[in-house]
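A short write-up of the structure that comes next.
The values are calculated or read from the model by the stated rules, or taken from the named source; none is laboratory data. Here the structure is a predicted model, which means the values were calculated and not measured. FYI the Cβ positions are ideal-geometry reconstructions off the backbone, even for glycines, and counts take in every protein chain you see.
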Amino acid sequence: MKNIDEKEKKLKDTLKKLGEINIQHNHNEELDKVVILKDQKNQLEIEKKQITTSLQSLEEENLKLRSQINELKKDYETSKRKENQFNEKIDELNQETDNLLEEIDKWQM
């Protein structure tokens, strides 16, 4: 009987140790998962910072380009206005030339 009691006690001790090992193993796995999650979080924060910096740079570039486009539009409008004025002057000169030619024709007759 003593042998059975000893075996039962050894079995209980062994089961208890297995339970502790299992708990420690699960605890270690949880710690590993936490460490992995922290690493992933840190990596994501680094990527977010890089993306934010890139976004700011792109926004600044966008503002510069918009400004340049506005300047080009103003220059184009000014150029177009000058071209129209020039064409009007040419038309006036052509009309004057036509009038002068008519006058010359009258005098020659």
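Per-structure values
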item	result
Test: D91 is loosely packed, with under 10 Cβ neighbours inside 10 Å and in a helix (DSSP H, G or I)	no
Only listed residue being modelled with pLDDT of 85 or more and of a type in the set (A, V, I, L, M, F, W, C), chosen from L11, L18, L72	L72
